[in-house]
Amino acid sequence: MAEPLPDLIEEIVTESMADDPATLLAALSGQDEVYIASLLESLPVEERLAVWDGISRDRKLDVLVEMRSDPREILIDNTPHNEWASIFADIDAEDLLELLDSLPKRLVDMAYESLDSKERKYFREATQFPDNQIGHWVNHEQLVLPSNAKVREGLRLLRRDIPQHCDSIFLVNRSGQFSALVKISHLFNAQDHVSLFDLSEENVITIQGADDTMNASLLVQRSGLASLPVVDENNKLLGRLDVSSASELVNEFYERQVMASAGMDEDEDLFSPVAKSAKNRALWLGINLLTAFMASWFIGLFEGTLQQVVALAVLMPVVASMGGIAGSQTLTLIVRGLALGQVTPANLRALMVKELKVGGVNGVIWALVIGVVAYFWFTDAMLGLVICLAILFNIVAAALAGVFVPVILDKLKIDPALSGSVILTTVTDIVGFVAFLGLGTLFLL
């Protein structure tokens, strides 16, 4: 049974297990590459390098493939050059593609030379597609037969090793173009002489190599099949996308969305150098500072009002916070819808009306609650009315911005998960402050 990862991390860091190769090797024996990769990513750099040195060379390639790029690059930079020949001994095209962005060119060339002719062909085909297109990530382990094959040939094929997550045989014509898909389960009750094409599925979805990785992955997840064929623009079979790879790509997409919402890269190392981490985060902080100054400038327009009615300054964070949360809820919903292809010009109006209604209902409820609290806190009915109206206006405006900000950013080819929250916060802050302080100026002075 695998030792819980937090326990092993503590033993390595606090008990210096990394300095005892025999004990470390025993602790890692039987652990899979995913576990070891996660362990390495969780260790400070010094301990990480010590553990890396203790891993057998025949496992290092599989561990590197499972790691994020930033912590992986530290290990690559600290691995002696004379070890790479043995590390690359069993590399295939898919492994090299996974490591491509992390390896320096000299190591890419070395790894490429280690590929056999078939794997080199797969690698060249894959690199014709950028890594955001599914043609870059196709699986070449598949069951393929000619379109005129019979059931007996299909059964003979099944006596060989069946790839993981493979429940179908792909049929191709003489030009290698995809013709049909036959479920393996249909072969067992059929006569040997029956054509496989006669047992094929109707209306099978094929994935184009140029399709977006997220869209292609969702097609596989919804297909009810273990994998779908991937073809080029001429319908030539390139490979397949299986449900395991699809799930991994979807998970990576959503992790990227979460990290992007904070202006960070999903591959960032927990223990990356301070200078690198500071540089990566500085731009986002600078953008946030500019938006904060913009909101402060609008507040400054009402300096006289704030000096005369101090209660407004006390309650300002409430207005900004309520608008920000309401807008973030709508923003998250729309960003997800855009990612899944569910938000289109055809349903945008209906979606906007629905979100405005939700904002109106929540705005009325919470505006009344906050207005009553403000009245009893400051014993000022007019102040309660002012914040009540400001909250209502800001929540409705936040709902509207939550719909349109990500849609507009998407139209401009800007990732709404990366920039949407900053822009939305700026909008809700400015609208909230102007509404609150403007109404305060109008009714309280």
- Task: Please verify whether segment 73-92 includes one or more residues that are more than 23 Å from the chain's Cα centre (by Cα) and within 30 Å of L219 (Cα to Cα).
- Result: yes
- Message: I'd like to check something: does segment 172-188 contain any residue that is closer than 28 Å to F123 by Cβ, in contact (Cβ under 8 Å) with a residue 40 or more places away in the chain and of a type in the set (F, W, Y)?
- Response: yes
- Close pairs (7 angstrom Cβ cut-off, 6 or more residues apart or separate chains): closer than 17 Å to E10 by Cβ in segment 39-57, outside any loop (DSSP other than H, G, I, E, B) and among the small types (G, A, S) anywhere: E47/A18; A50/A18; V51/A18
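Yes or no, residue by residue, for (1) within 24 Å of the chain's Cα centre (by Cα); (2) at pLDDT 90 or above; (3) open to solvent by 20 Å² or more (accessible area, probe 1.4 Å); (4) of a type in the set (K, R):
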position	(1), (2), (3), (4)
F376	no, yes, yes, no
A381	no, yes, yes, no
V386	no, yes, no, no
A390	no, yes, no, no
V396	no, yes, yes, no
L400	no, yes, yes, no
F404	yes, yes, yes, no
L418	yes, no, yes, no
- State whether one or more residues within segment 68-87 are touching a residue at least 60 places away in the same chain (Cβ under 8 Å), assigned to a loop (DSSP other than H, G, I, E, B) and either out of contact with any Phe, Trp or Tyr (no Cβ under 6 Å at 6 or more places or on another chain) or in the same structural domain as V45 (by the TED database) (or both). yes
- Message: Consider segment 298-350. How many of its residues are more than 29 Å from R256 (Cβ to Cβ), open to solvent by 70 Å² or more (accessible area, probe 1.4 Å) and either touching a helix residue (DSSP H, G or I) at 6+ places or on another chain (Cβ under 7 Å) or at pLDDT below 85 (or both)?
- Response: 5
- Is at least one residue of segment 70-77 modelled with pLDDT of 80 or more, open to solvent by 60 Å² or more (accessible area, probe 1.4 Å) and within 29 Å of L249 (Cβ to Cβ)? yes
- May I ask you to say which residue of G363, G341 is small (G, A, S) and at positive phi? G341
- Within segment 178-210, tally of residues that are assigned to a loop (DSSP other than H, G, I, E, B), out of contact with any Gly (no Cβ under 8 Å at 6 or more places or on another chain) and not β-branched (V, I, T): 10
- Query: Which one of the conditions (1) more than 16 Å from F88 (Cβ to Cβ); (2) modelled with pLDDT of 85 or more; (3) open to solvent by 40 Å² or more (accessible area, probe 1.4 Å) does D58 fail to meet, given that it meets all the rest?
  - Reply: (1)
- Within the bounds of segment 229-244, is there any residue that is assigned to a helix (DSSP H, G or I), under 17 Å from the mean Cα position of the chain (by Cα) and in contact (Cβ under 8 Å) with a residue 40 or more places away in the chain? yes
- Note on the structure: When (1) open to solvent by less than 20 Å² (accessible area, probe 1.4 Å); (2) outside any helix (DSSP H, G or I) are applied to I414, the one that fails is (1)
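The values are calculated or read from the model by the stated rules, or taken from the named source; none is laboratory data. Only a predicted model underlies this, so the values are computations on that prediction, with no experimental measurement involved. All Cβ positions, glycine included, derive from the backbone under ideal geometry; neighbour counts span all protein chains shown. Only protein heavy atoms, including side chains, enter the accessible area calculation; ligands, DNA and RNA are left aside. Shrake-Rupley method; radii C 1.70, N 1.55, O 1.52, S 1.80 Å.
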